[in-house]
1. Being more than 12 Å from the chain's Cα centre (by Cα) and within 27 Å of residue 355 (Cα to Cα) is the filter; apply it to the stretch 189-216 and report the residue that is surrounded by the fewest Cβ atoms within 10 Å (Cβ to Cβ).
2. For the stretch 29-50, which residues satisfy the criterion of being closer than 17 Å to residue 395 by Cβ and either acidic (Asp, Glu) or in a helix (DSSP H, G or I) (or both)?
3. Only one residue in 118, 54 is in contact with a His (Cβ under 8 Å, 6 or more places away or on another chain), over 30 Å from residue 312 (Cβ atoms) and surrounded by fewer than 20 Cβ atoms within 10 Å (Cβ to Cβ), so which one is that?
4. If a residue has to be assigned to a loop (DSSP other than H, G, I, E, B), over 22 Å from residue 376 (Cβ atoms) and open to solvent by less than 50 Å² (accessible area, probe 1.4 Å) to count, how many in the stretch 16-28 make the cut?
5. Can you say whether residue 94 is without any contact (Cβ under 8 Å) to a residue 24 or more places away in the chain, among the aliphatic types (A, V, I, L, M), within 16 Å of the ligand (Cβ to nearest atom) and within 30 Å of residue 297 (Cα to Cα), as far as the supplied structure shows?
6. Of the residues 189, 209, 259, which is within 14 Å of residue 82 (Cβ to Cβ), within 15 Å of the ligand (Cβ to nearest atom) and out of contact with any Asp or Glu (no Cβ under 8 Å at 6 or more places or on another chain)?
7. Out of the residues in the stretch 51-91 meeting the condition of being part of a loop (DSSP other than H, G, I, E, B) and closer than 18 Å to residue 280 by Cα, tell me which one is nearest to the ligand (Cβ to nearest atom).
8. Return a yes/no flag: does the stretch 130-139 have any residue that is part of a helix (DSSP H, G or I), away from the ligand (no atom under 16 Å from the Cβ) and without any contact (Cβ under 8 Å) to a residue 40 or more places away in the chain.
Amino acid sequence: MNTDKNYAIRLDQNDNLASFRKEFYISNETIYLDGNSLGLMSKRAETAVTTLMNSWKTYAIDGWTEGKHPWFYLSEKLGGMSAQLVGAKPEEVIITGSTTTNLHQLVATFFHPTNEKNKILADELNFPSDIYALKSQLQLKGLDPADHLLQIKSKNGYTLDTQSIIDRMQEDVALIVLPGVLYRSGQILDMERLTKEAHQRNILIGFDLCHSIGSIPHQLSEWDVDFAFWCTYKHLNGGPGSVGGLYVNEKHFGKEPGLAGWFSSAKEKQFDMEHTLTAAEDAGAFQIGTPHVLSVAPLLGSLEMFEEAGIEEIRKKSLRLTNYLMQLIDSELADYHFKIANPRDDKTRGGHVFLEHPEAARICKALKAEGIVPDFRNPNGIRLAPVALYNTFEDVWQTVQMLKTIMREERYKKYENKRGVIA
Ligand SMILES: *Cc1c(COP(=O)(O)O)cnc(C)c1O
């Protein structure tokens, strides 16, 4: 292992995505490794917001159909721009809602319990919001979540075993909802195999792509996944509260949206103002109300960068960054009791490294005081996400050196080992 700084600099010199870094607002004093919680702002995203603000200023109500990006078609246009990231046809993707509201919409649409099949299969490691949504959807159908929500257990507290999930795909399961990449350990689930096994048992399956979109490639159409949903403020750099996205396999087009609204309408019918919905014949049917135009705006700029860089190239660099980070941790921090708790191999490792340490909360505070932004996860986890579009190999090298200094000099002891409100 070459732990020399010059080696990091050489890696940066040979990085074919290096030019994207200057398109982001990054302070010279900061190393930002939290792009999997909130991606950084780019100049293109900023410009796109200004453009849409100007279309409001200039066109007022006519902005729905006039200007460079008519608002009425924006969700569909951005859906099309996101399609390559999930491996889908443009009409199978729509930018709308949030992760959690899209999950509500999709469960309301796809979960139709019968006497025999009335359970939802999920896992015990998923993000809480998904579990809350699944429980409330069951309750709305008069089903007790204690009996009807099955959560696959993890054997080690970090990862899920594909075979354990498959073993529980039994007769009583109607629907499966799992993450594409686990938010703590960064494990990538085998979406292709899980989908195949679910379908063999006549079970519908969907994935939460919050931590995988913009970080790893997907082939949702090829894998025949039924539906998926995600946020756009993590790896996609859409900004705080930017509008989420969903995918519905074209074989389900025409299915009645579980939560309907006038934006579920076929575009040409919407303004007929009839009380009988004529739903769109594509993923657009799963929109509900008026799009949050100013909160989708940044995506016009940021998704363009993904189109230019290509998700395959992004993934290649991301793997090299996380691999370099893990190797440096192994060789430089061996004395300090860190545990790398993400899967190490390229096939199942997502876009971040998950470190565990008993003093994690205050190590994060010490890092932040030095201008390095990690992500603390209760009770003892540190997520480090070197993002392909704006982080460098030198960032990774600096971070590990700083961790070494913090541990050697016990700088973390200046801080309380307790999390902040947002962590
Ligand atoms: C970030 C994240 C969410 C957040 O949901 P919002 O509705 O966007 O607030 C939900 N689920 C997972 C798995 C996430 O990573």
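The values are calculated or read from the model by the stated rules, or taken from the named source; none is laboratory data. Predicted model only: the values in this text are computed from it and were never measured. Note: ideal-geometry Cβ built from the backbone for every residue, glycine included; neighbour counts use all protein chains shown. Each accessible area value is taken on the protein alone, full model and side chains, heavy atoms only, with ligands, DNA and RNA left out. Shrake-Rupley method; radii C 1.70, N 1.55, O 1.52, S 1.80 Å.
1. 190
2. Matches in the stretch 29-50: 29, 34.
3. Just a single option satisfies the conditions, and that option is 118.
4. 1
5. Working: without any contact (Cβ under 8 Å) to a residue 24 or more places away in the chain: no; among the aliphatic types (A, V, I, L, M): yes; within 16 Å of the ligand (Cβ to nearest atom): yes; within 30 Å of residue 297 (Cα to Cα): yes.
When the stated conditions are applied, residue 94 does not pass them.
6. Details: 189 fails: within 14 Å of residue 82 (Cβ to Cβ); 259 fails: within 14 Å of residue 82 (Cβ to Cβ).
Residue meeting the stated conditions: 209.
7. Per the stated criteria, the residue is 88.
8. Just the residues of the stretch 130-139 that are part of a helix (DSSP H, G or I), to begin with: 130-139.
Now narrow it down to the ones that are away from the ligand (no atom under 16 Å from the Cβ): 138-139.
Filter once more, keeping what is without any contact (Cβ under 8 Å) to a residue 40 or more places away in the chain: 138-139.
Yes, the conditions are met somewhere in the stretch 130-139.
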